[in-house]
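Bear in mind that the values in this text are calculations on the coordinates, not laboratory data. Computed from a predicted model, the values in this text were never measured in an experiment. Every residue, glycine among them, receives a Cβ derived from its backbone with ideal geometry; neighbour counts consider all protein chains shown.
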Amino acid sequence: MQIRAKVKIGNGQQTSFWHDKWTGQGTMKQQHPELFALSQQQHATVAMMWTGQGWNLFLRRHLNDWEMKRIAEFYNSVADFNNLNGGEDRLEWNKDRNGKFSINSAYKELNSAVVKGKDWPWKMIWKPKIPYKVS
């Protein structure tokens, strides 16, 4: 279910730059594991990394020539980011056109993801073998 959600950045103070999915292609840690390993800001928020003019990325060492491709890939992956705004960060559900989570859309997503009765134990949920009333 988490892969169907994405953080919509507001002020960037509640969203982890490396660990939360906010760019659309997975987490920054997943996209750029080499840069994450070199980062001095592994627990920084988006707000801490953004200066208003660009990204404030501090690495433990200088990059080698062969690693420059990685930094270019990093900047390409965040190129669509415009700026922080005054609102709070919020979680958006990409299975709803308004970005709002509902039990109905989650149920439909789960139902379409697996074949009924074969891969998912639906009977354990809807017809559990437990007493109706315990006294």
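Amide H contacts of THR45 (H built 1.01 Å from N, in plane; Pro and chain starts excluded): PHE17 sit under 5 Å, all sequence-distant by 5 or more or on other chains. Calculated FRET efficiency, LEU59 to ASP80, Cβ-Cβ distance, R0 = 25 Å: about 0.65 to the nearest 0.05. A DSSP coil position with no more than 14 other Cβ atoms inside 10 Å describes the following trypsin sites (Lys or Arg not before Pro) in the range 40-70: ARG60, ARG61. Placing a pseudo-label 7 Å from each Cα along the Cα-to-Cβ vector at GLN30 and LYS127 gives an inter-label distance of 3.6 nm.
For VAL7, the residues 5 or more places off, or on other chains, whose built amide H falls under 5 Å of its own are LYS21, TRP22, GLU92. Normalising the average separation of contacting C-alpha pairs (under 8 angstrom, six or more residues apart) by the number of residues puts the relative contact order of the range 2-77 at 27 percent.
Stretching the chain fully between LEU110 and ALA37 yields a gain of 22.8 nm (0.36 nm per residue, less the alpha carbon separation). Label zone of MET48 (point 7 Å out along Cα→Cβ, amide N under 20 Å): in the range 10-32 this covers 10-23, 27-32.
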